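Following: one structure in structure tokens, then a few remarks.
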Amino acid sequence: MKSQTKKSIDNLLGSVKLRRTDPRRTILEVLLSAKRPQTVDEIMTAMSKGCANKVTVYRTLESMVGAGLVHRALVHKRAEHFELADRCTDAQCHPHFTCTSCGATNCVVGVSVPLVKRLEEGFIIHRQQVHLEGLCPQCA
């Protein structure tokens, strides 16, 4: 890990008062370098072998989600996808697009989706997420 990247990661962890452990640093490094949301399996593949087991990765992600550093971007085919929470607000996350042919999930940037103000009586909105599905440019 480059010293500048390590410093940025340590600053991120410090900003949410999480200890600076090797698994946390490594997972954040993977998420920082990823161009799209990552599943736990994708995170583990990108990590050095033996760096952390699957349980540690799940627990580490949960602690970072709880701290607001990482968020669950979406669930697709029963697999949660994680990314840094830097492009989201408490009320809304940027949209995501999943290809129905190859399964790749990407962030959609430059598209604004209006925030739903309210639904019919009895519903309380905590967070809005938009997930689009179709064919990516490679599969179209």
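The values are calculated or read from the model by the stated rules, or taken from the named source; none is laboratory data. Just so it is clear, the structure is predicted and the values come from calculations on it, not from any experiment. In this analysis, Cβ positions are derived from the backbone assuming ideal geometry, glycine residues included, and neighbour counts consider all displayed protein chains. Accessible surface areas use protein heavy atoms only, side chains included; no ligands, DNA or RNA. Shrake-Rupley method; radii C 1.70, N 1.55, O 1.52, S 1.80 Å.
Provide the per residue accessible area, probe 1.4 Å, for region 26-140, rounded to a whole number of square angstrom.
64 Å²
Do me a favour and compute the ellipsoid semi-axes for the chain from its Cα gyration tensor, root of five times each eigenvalue, largest one first, whole Å.
27, 20, 14
Taking loop as defined by DSSP and a crowding limit of 12 other beta carbons within 10 Å, which trypsin sites (Lys or Arg not before Pro) in region 67-140 fit?
Qualifying residues, ordered by number: K77, R78, K117, R118, R127.
Which Cα, out of H131, V111, A34, lies furthest along the positive dipole direction of region 2-140 (beta carbon charges, K/R +1, D/E -1)?
Going by the charge dipole, the pick is A34.
Stretch R78-Q128 to full length: gain in nm at 0.36 nm per residue minus the Cα-Cα span?
16.1 nm
State the antiparallel share, in %, of DSSP beta bridges confined to the chain, rounding to the nearest 5.
So the antiparallel bridges amount to about 65 percent of the total.
On the accessible surface of the chain, probed at 1.4 Å, how many percent belong to carbon and sulfur atoms?
Carbon with sulfur: 51 percent of the solvent-accessible area.
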